[in-house]
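Step one of this worksheet: look at the structure below.
Here, each number is a calculation from the coordinates, and none is a lab measurement. Since this is a predicted model, take the numbers as computed values, not measurements. Note: ideal-geometry Cβ built from the backbone for every residue, glycine included; neighbour counts use all protein chains shown.
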Amino acid sequence: MNSDNKQRLYVAGHRGLLGSALTRKAEPARYTVLDSCHLDLRNTSTTDPFFAKHKPDLVILAAAKVGGIHANSTQPVEFLADNLAIYSNVIHSAYQAEVKRLIFVGSNCSYPRNAPQPIPESELLNGPVEPTNSAFAMAKLAAIELCRAYNQQYGTRYLAVMPTSLYGPGDNFDPKNSHVMAAMIRRFVAAKASNSPVETIWGTGTPLRELLYVDDCADACLFLAGLPDEQFDAILQAQRYPVINIGGGTERSILQIAQDVAAAVGYTGKIVTDPSKPDGVPRKLLDNGRLAALGWQARTSYAEGLRLAIQDYLARFTTDTASTN
């Protein structure tokens with residue numbers, strides 16, 4: 001701990017969707033957020049010296065190579081190998097630097113494809129994951145096992161959080177790598193601007209997604225990180241794997257999300273589905289009971305979160321916001 005009693009917080013992946021929200025939400029009176037702009041987390045020659053020099057008190061491991069169905073299906077090697085390298089390097093560097101607590105950001109896609117809904121933490125590894133993102137999911141599962149192993153062998157306090165589908169400011173809007181909400185925002189802003197009469201979305205449109213505003217997820221991570229030792233340890237020891245869900249969002253079908261975004265940006269054309277394309281996991285609703293029992297709940301409404309996500313896209317990627325508001 002610093003001499004001014006502020007904790008040194010390192011957010012791995014600070015430029016990503018959740019990482020940037022964590023940086024925004026970290027209270028300056030409580031945390032000194034460490035700067036790591038040029039750190040290659042896949043390489044021990046950069047991670048080890050950084051941790052040895054800065055000795056963070058808290059690490060939130062939100063870094064990852066991420067993307068949607070297309071990216072996961074066409075780049076499985078990168079989604080597995082790059083993420084395995086990031087997770088193993090950061091977790092081991094944290095151990096060497098005697099980091100007091102580490103929060104690893106997992107994913108709801110690591111739960112079995114046909115898990116009961118809502119999904120409790122106990123379902124982890126109870127069945128096969130969705131094939132279209134198995135490489136990404138397996139890397140996340142390996143990191144969770146690594147956290148469990150370090151806790152068992154070395155007495156560390158490493159916790160994995162399992163967020164539902166996130167959206168909001170700082171999202172990745174790349175056409176090939178974006179997740180569902182970002183992809184819909186980019187698509188329908190462009191469709192309105194070009195007066196497109198018809199827009200086609202992948203799959204049947206029926207799969208359900210639980211959407212959580214990213215600042216709420218960041219708040220949950222910091223809430224968990226700040227729990228007293230006895231409560232934090234109770235989460236770690238409650239079951240075989242040290243995991244806790246971060247849910248409590250709004251559940252919508254893929255088609256409903258498309259319609260919500262289209263209405264919000266003013267697109268009035270027709271929306272059709274393409275059942276020849278993959279759907280992905282049919283449903284990913286998380287059981288948020290354990291986190292709620294600790295006193296946390298999401299605060300941002302779906303409507304407000306959607307407005308802020310669209311506002312962020314317009315500010316960063318368009319020059320004429322008036323025509324798409």
Given the chain, what percent of its DSSP beta bridges are antiparallel, to the nearest 5? 15
Among CYS147, CYS37, which comes first, then next, by fewest other beta-carbon atoms within 10 Å? CYS37, CYS147
Under-5 Å amide H pairs with ARG157, H placed in peptide plane, nonlocal only: LEU102
Residues meeting the amide H criterion for GLU251 (H placed from the backbone, H to H distance under 5 Å, 5 or more places apart or on another chain) are LEU211
Using Cβ contacts closer than 10 Å as the measure, can you line up TYR87, TYR167 from fewest to most? TYR87, TYR167
In Å and whole numbers, how far do the C-alpha atoms of the chain stretch along each principal axis, longest first? 59, 42, 39
Please express the Cα-Cα pair-distance distribution P(r) of region 170-239 as a list of whole percents, one per 10 Å bin, running from 0 to the bin with the greatest distance. 15, 30, 24, 17, 10, 3
If eta is 1.002 mPa s and T is 20 °C, what Stokes-Einstein diffusion coefficient results for region 61-194, Kirkwood Rh from Cα pairs, in µm²/s? 133
Taking placed amide H atoms and a strict 5 Å upper bound, the residues 5 or more places from SER178 or on another chain that come that close are GLY68
Just to be sure I understand the rule: take each whole DSSP H helix in the chain, project its Cα atoms onto its long axis, keep it if the span is 20 Å or more and its mean Kyte-Doolittle hydropathy is at least 0.0. Which ones pass? 76-96, 134-154, 180-194, 302-317
Here the Cα Rg-to-2.2 N^0.38 Å ratio for region 1-76 is 1.27
Highest-MSF residue in the chain out of ASN83, ASN172, ASN151 [GNM, Cα springs under 10 Å]: ASN151
Region 228-306: mean projected area of Cα convex hull, nm²: 7.7
Per-residue Cβ neighbour rank within 10 angstrom, fewest leading, ASP171, ASP233, ASP260: ASP233, ASP260, ASP171
How much space per residue, in cubic angstrom, does the convex hull of the C-alpha atoms of region 169-325 take up? 122
Once you've got the Cα coordinates, tell me which of LYS55/LYS140; LYS25/LYS55; LYS53/LYS100; LYS25/LYS270; LYS192/LYS284 are over 27 Å apart. LYS25/LYS270; LYS192/LYS284
Given charges at Cβ of Lys, Arg, Asp, Glu: the chain dipole, positive-most of ALA139, GLY68, LEU294: GLY68
